[in-house]
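Peer 1: My structure is below; once you've seen it, I'll send some questions.
The values are calculated or read from the model by the stated rules, or taken from the named source; none is laboratory data. Nothing here was measured: the structure is a model prediction, and the numbers come from that model. Every residue, glycine among them, receives a Cβ derived from its backbone with ideal geometry; neighbour counts consider all protein chains shown.
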Amino acid sequence: MLATPRILLIIGGGIAAYKSLDLIRRLKERGAAVRVVMTSAAQHFITPLAAGALSHDTVFTELFDREAEQDVGHIRLSREADLVLVAPATADLMAKMAHGLADDLASAVLLANTRPVLLAPAMNPAMWANPATRRNAAQLAADGVRFVGPNAGAMAERGEDGPGRMAEPLEIADAAARLLAGEGPLTGRHVLVTSGPTHEPIDPVRYIANRSSGKQGHAIAAAAARAGARVTLVSGPVNLPDPFGVDVRRVESAREMLAAVEAALPADIAIFAAAVADWRAASEAGEKMKKDGGALPPLALIENPDILATIAHRGEGRPRLVIGFAAETQNVVAYAQAKRARKGCDWILANDVSARSGIAGGVMGGDSNAVHLITAAGVEAWPTASKGAVAERLVARIAASLDQPETSP
């Protein structure tokens, strides 16, 4: 999958068009560039101004637009996209597509298109069940068009219920990501990634945390998705957009992270990039602890669950490849080798997070990293690179290892 996929969203005329505004936002949250075409009927439900404000691009509405068509704009629109997404795909639009009609901008773009097409149908259940619609849907499927939905449920028409609801924006965004990913070295694999810090509460306003930004974990999740994997990202509190095509589960504490990790299993590969707090307060104060000028309040600490060791030592259901991270400030390789043996994981990526690392901006919070990959076979020193490049190299190494009969711990 491309790092910044370009999606042409065609919005058809139906009440479900209001969901397309949220869909634009969901696609952009996942890193996509979105350009919008609206039919004349769609403009009775939502405005081009709203779609343009969310997509940050021109919204196209007219086939015979004097400016856009000077360079045959309807051809250019389809050629400049990686995916054409129709949501809502009305019965009328589906019929035009199935029969090759091109009497407006949307249908002309679809007829001229050579990119993958994903439809999110939306119509009354009787229209969806109509033999003509069923024939059109079958023809479009035979032509290679992909579908997401429709879902069953209550309709806009009072008392109407059944299949015909447009799939929810998150469902459509995930389907678009899978289609863009195509076949990759991790297609068919489930990759579980943890990222970011954890926040361990002391009282309602204070917590124990660390300086992890989540950039490396999020980059790994995005790289795995581009390699075709189904990715679950369990993330602590970060200020980062969700990677495109990734199922993100947000948590705060180490205990919440462990629960989310266990709920996401089974997985083929588990990568623990989160900087989980080692300790938490033995008891959380119910009210804000006050500074009264007297003795300091006691702060007893207890250990948090060890997520990496818990998953690495699982019997049934253990991922085939369990990978940890070791952020160290001294004796980086030696400490990481000991950690790999102690935790029971297959690989460890060790990095120097001290001021001596020489990385501009520092590793924690910065955009670059320099790691040592530690396996049973030995130690590999990787050169300093962007966290995105480190993620791509790790994913390529994982894919190569899975081609072998077994991964040695």
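Peer 1: From the list 314, 318, 280, which residue is in a loop (DSSP other than H, G, I, E, B), among the basic types (Lys, Arg) and touching a helix residue (DSSP H, G or I) at 6+ places or on another chain (Cβ under 8 Å)?
Peer 2: After applying the criteria, what remains is 318.
Peer 1: State all residues of region 93-102 that are in contact (Cβ under 8 Å) with a residue 40 or more places away in the chain and over 19 Å from residue 83 (Cα atoms); if no residue qualifies, say none.
Peer 2: Passing the criteria: only 95.
Peer 1: Identify, by number, the condition in (1) on the phi > 0 side of the Ramachandran plot; (2) at pLDDT below 90 that residue 56 doesn't meet.
Peer 2: (2)
Peer 1: Out of 87, 120, 138, report the one residue that is in a helix (DSSP H, G or I), closer than 23 Å to residue 176 by Cα and among the small types (Gly, Ala, Ser).
Peer 2: 138
Peer 1: Please go through region 229-266 and pick out each residue that is surrounded by 16 or more Cβ atoms within 10 Å (Cβ to Cβ), touching a helix residue (DSSP H, G or I) at 6+ places or on another chain (Cβ under 9 Å) and part of a loop (DSSP other than H, G, I, E, B).
Peer 2: 229, 236, 238, 242, 243, 244, 245, 246, 251
Peer 1: Looking at (1) exposed (fewer than 13 other Cβ atoms within 10 Å of the Cβ); (2) free of Cβ contacts under 8 Å to residues at least 40 places away in the same chain; (3) not hydroxyl-bearing (Ser, Thr, Tyr), which is the one condition that is false for residue 183?
Peer 2: Of (1) exposed (fewer than 13 other Cβ atoms within 10 Å of the Cβ); (2) free of Cβ contacts under 8 Å to residues at least 40 places away in the same chain; (3) not hydroxyl-bearing (Ser, Thr, Tyr), only one is false for residue 183: (2).
Peer 1: Now for a separate question. Look through 15, 10, 24 and report the one residue that is of a type in the set (Val, Ile, Thr) and assigned to a loop (DSSP other than H, G, I, E, B).
Peer 2: One residue alone meets the criteria, 15.
Peer 1: Need the failing condition index for residue 153 against (1) touching a Lys or Arg at 6+ places or on another chain (Cβ under 8 Å); (2) surrounded by fewer than 19 Cβ atoms within 10 Å (Cβ to Cβ); (3) assigned to a loop (DSSP other than H, G, I, E, B); (4) not basic (Lys, Arg), just the number.
Peer 2: (3)
Peer 1: Let me ask something else about it. Mind checking which residues of region 367-407 are of a type in the set (S, T, N, Q) and under 18 Å from residue 329 (Cα atoms)?
Peer 2: 368, 369, 384
For (1) out of contact with any strand residue (DSSP E or B) (no Cβ under 9 Å at 6 or more places or on another chain); (2) more than 19 Å from residue 277 (Cβ to Cβ); (3) assigned by TED's automatic domain parsing to the domain that holds residue 364; (4) crowded, with 22+ Cβ neighbours inside 10 Å, each residue gets a yes or a no:
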{"residue": "293", "(1), (2), (3), (4)": "yes, yes, yes, no"}
{"residue": "304", "(1), (2), (3), (4)": "no, no, yes, no"}
{"residue": "307", "(1), (2), (3), (4)": "no, no, yes, yes"}
{"residue": "310", "(1), (2), (3), (4)": "yes, no, yes, no"}
{"residue": "322", "(1), (2), (3), (4)": "no, yes, yes, yes"}
{"residue": "325", "(1), (2), (3), (4)": "no, no, yes, yes"}
{"residue": "339", "(1), (2), (3), (4)": "no, no, yes, no"}
{"residue": "349", "(1), (2), (3), (4)": "no, yes, yes, yes"}
